[in-house]
1. Can you run down the residue pairs with Cβ atoms below 7 Å, 6 or more apart or on separate chains, where the first is in segment 55-66 and within 16 Å of residue 153 (Cα to Cα) and the partner is of a type in the set (Lys, Arg)?
2. Just checking, how many residues over segment 1-57 are modelled with pLDDT under 80, among the aromatic types (Phe, Trp, Tyr) and closer than 30 Å to residue 150 by Cβ?
3. Residue 79 passes all but one of (1) modelled with pLDDT of 70 or more; (2) touching a helix residue (DSSP H, G or I) at 6+ places or on another chain (Cβ under 8 Å); which number fails?
4. Could you tell me whether any residue of segment 104-118 is under 19 Å from the mean Cα position of the chain (by Cα) and either over 22 Å from residue 56 (Cβ atoms) or at pLDDT 60 or above (or both)?
5. Which of (1) modelled with pLDDT under 90; (2) open to solvent by less than 100 Å² (accessible area, probe 1.4 Å) is the odd one out, the single condition residue 122 does not satisfy?
6. Within segment 65-76, track down each residue that is of a type outside the set (A, V, I, L, M, F, W, C) and either modelled with pLDDT of 85 or more or touching a Leu at 6+ places or on another chain (Cβ under 7 Å) (or both).
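The values are calculated or read from the model by the stated rules, or taken from the named source; none is laboratory data. Treat the numbers as computed from the prediction; the structure is a model and nothing was measured. So basically every Cβ, Gly included, is an ideal-geometry build from the backbone, and we count neighbours across all protein chains shown. Surface accessibility is based on the protein's heavy atoms, side chains included, excluding ligands, DNA and RNA. Shrake-Rupley method; radii C 1.70, N 1.55, O 1.52, S 1.80 Å.
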Amino acid sequence: FGWVILVGFIIFFIVMVISSSSEHDKSVAELKAEGLNFSDFKQIGMYAGGHPELNTSINNVSIRKVGNEIVFFKSKMYGFDKPEQIENANIPVESISDVKLEDASTIERHIGLGRLALVGIFAFAWKKKKKNEVAFLDIVWKKGRFGHDTIFMFQGHNALIMANTTRNDLIKMCVDDYQDKNPTENTD
């Protein structure tokens, strides 16, 4: 009976891989028809808040420069599907005044079952420290009279590095736009 379950699992896994591959190929073809590819979208983490048109957090947000705006897109976890544009979620490039990076590492205390079995009740005094790295990217911009801090969150191993890379990509998008409009001005 175990072999039947194992074979069934393997067949299910193969079908899922083939299905994901065909969905990815379809998404690539749709993007290509629009003159785009997946590398045109930059992952920007999880939207946490601060945009006047968005009231809930959104996992796996990507951005792309469209004209003179940074436009937000919902992305799937593994990038097999075409990113979907989030309605009214954009920031005019000229309204961005700063892109800040903030570190918020936290330490969580965790008691594992192995420790509890090894030392019994004393496991509560011997807690394991587990570092959970968190970083935030804050886009500071203004719309009309009001200033906005649109915040994205990165979690896990290398969160700060991913947030910094995204910050640098976003700044390049903004600087390229500025240099296109002011070619004689030195930005150094």
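1. Filtered contacts from segment 55-66: 58/74; 60/74; 60/76; 61/74; 62/42; 63/42.
2. Residues that pass the stated criteria total 2.
3. (1)
4. So far as segment 104-118 goes, yes, one or more of its residues are under 19 Å from the mean Cα position of the chain (by Cα) and either over 22 Å from residue 56 (Cβ atoms) or at pLDDT 60 or above (or both).
5. Going through the list (1) modelled with pLDDT under 90; (2) open to solvent by less than 100 Å² (accessible area, probe 1.4 Å), residue 122 breaks only (2).
6. Answer for segment 65-76, where residues must be of a type outside the set (A, V, I, L, M, F, W, C) and either modelled with pLDDT of 85 or more or touching a Leu at 6+ places or on another chain (Cβ under 7 Å) (or both): 65, 67, 68, 69, 74.
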